[in-house]
Amino acid sequence: MALLDFPEGVEVFTVTAGEEPLRLVFLVTRTREGIIVQLLGGDKPHVGAIVLSLPRPSRSVPEERRTTTTVLPLYGHQDDEVARPVAEELARKSGQPVVVVAGIHIDQASAADIERIKLYTQEGLRLLLQNFF
């Protein structure tokens, strides 16, 4: 057994966005049939929400791709607010199922901190799409 010894067709990469103490890390595993993203950051990275987005054709405009999404937040956590848009956009762009596990915790986060985390999430998503999808 070796660390990071993946089967053929599995790619793993990271993207970071933001500045300490609000820096976010996107650890992405891309397989032939789906994408797994760990979105972590802050003082205590953890599992705060799990989001699954499945791509599907739009009912009204069949050539456009939409998603069906399931969200499982842990009680008292708001990590789904950043996980959901990441999962949905990656599923739309890639055409594959996407799971995002998010856990970002900042002790005594202000409203401005939360807005910056949302901006950093969008920045990280943009970097992912630009460089890997």
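Brief remarks follow.
- Within the stretch 12-23, restricting attention to residues that are touching a residue at least 24 places away in the same chain (Cβ under 8 Å) and under 22 Å from P97 (Cβ atoms), the residue that is surrounded by the most Cβ atoms within 10 Å (Cβ to Cβ) is V15.
- One residue from A83, A111, A102 being at pLDDT 95 or above and over 19 Å from P55 (Cβ atoms): A102
- Some residue of the stretch 75-93 being loosely packed, with under 15 Cβ neighbours inside 10 Å, among the acidic types (D, E) and under 18 Å from R116 (Cβ atoms): no
- A102, sole failed condition from (1) part of a loop (DSSP other than H, G, I, E, B); (2) within 11 Å of the chain's Cα centre (by Cα); (3) of a type outside the set (V, I, T): (1)
- Looking across the stretch 31-71 at every residue that is surrounded by fewer than 15 Cβ atoms within 10 Å (Cβ to Cβ) and of a type in the set (A, V, I, L, M, F, W, C), the one that is nearest to V15 (Cα to Cα) is identified as V47.
- Test for E89: is it closer than 18 Å to L39 by Cα, among the charged types (D, E, K, R) and either touching a Pro at 6+ places or on another chain (Cβ under 7 Å) or modelled with pLDDT of 95 or more (or both): yes
- Filter result for V86 (outside any strand (DSSP E or B) and either on the phi > 0 side of the Ramachandran plot or in contact with a Leu (Cβ under 6 Å, 6 or more places away or on another chain) (or both)): yes
- Selection status of Y120, on the phi < 0 side of the Ramachandran plot and either part of a loop (DSSP other than H, G, I, E, B) or at pLDDT below 95 (or both): no
- Positions within the stretch 74-108 being of a type outside the set (S, T, N, Q) and free of Cβ contacts under 8 Å to residues at least 12 places away in the same chain, in sequence order: Y75, G76
- Hey, G48 touching a Lys or Arg at 6+ places or on another chain (Cβ under 7 Å) and either more than 15 Å from I106 (Cβ to Cβ) or at pLDDT 90 or above (or both) or not: no
The values are calculated or read from the model by the stated rules, or taken from the named source; none is laboratory data. Since the model is a prediction, treat every value here as computed from it, not as a measurement. Here Cβ is always computed from backbone atoms with ideal geometry, including for glycine, and neighbour counts include all displayed protein chains.
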